[in-house]
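All of the numbers you see were taken from the coordinates with simple rules; none came from a lab. Please read all numbers here as calculations on a predicted model, not as lab measurements. FYI the Cβ positions are ideal-geometry reconstructions off the backbone, even for glycines, and counts take in every protein chain you see.
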Amino acid sequence: MLRYANLALLILFPVSWFAPMMRAGMLPLFGLSEISVLSGLQSLWESDVVLALVVTVFALFAPYLKTLGLALLHFGLLDARVLPALQILGKLAMADIFLIALYITIAKGIGVGRVETAWGLYLFTFCILASLAISIATVRQREAATHEADEPLASPRDKGQ
């Protein structure tokens, strides 16, 4: 079940990058512009390359590489020793959700324009949280399998028979 949920994320992550995360505008009377992860990154690359690179790593590469790594692990194509590195990638991916929430809060607090959240923000957040849950479940599954393999086989006498 974990492997198929993780494979679904390989499709859902790119969808969430193109989906509108928020709508923003300067005045309530004018139309709102839709902002997605990719359109936001495009604007950022034009104004601040260093910040754009950091956000690209957090928003695109970290969650997708983690999901890809978990898929390889689930199908037995990657050693379980990489799980700590995949967990670090997952923590990096959570940072961008915090940044987006912070930007929305600041924009609403200033009161200069209007900001509305859109369905893409919820999809992107779902993907990050689902990836985190799959990672935790994978670690627990691996630990349980290792624990069972380490236990010696009990004889019938040990079981009270």
> Could you put W45, W119 in order, starting from the residue whose Cβ has the fewest other Cβ atoms within 10 Å?
Replying inline: W119, W45
> What is the fewest-to-most order of S47, S33, S135, S39 by other Cβ atoms lying within 10 Å of their Cβ?
Replying inline: S47, S33, S39, S135
> Taking R0 as 25 Å, what's the FRET efficiency between R140 and I11 from their Cβ-Cβ distance, rounded to 0.05?
Replying inline: 0.50
>> From the C-alpha coordinates alone, can you work out the Kirkwood hydrodynamic radius of region 1-74, in Å?
In response: 14.0
> Which ³J(HN,Hα) values, rounded to whole Hz and listed in residue order, are derived for region 43-55 from phi using the Karplus coefficients 6.51, -1.76 and 1.60 in 6.51 cos²θ - 1.76 cosθ + 1.60 with θ = phi - 60°, glycine and proline given as x?
Replying inline: 5, 5, 4, 6, 9, 8, 5, 5, 5, 4, 5, 4, 5
>> Let's test the formula: R0 of 25 Å, r as the Cβ-Cβ distance of I88 and S43. What FRET efficiency results, to the nearest 0.05?
In response: 0.30
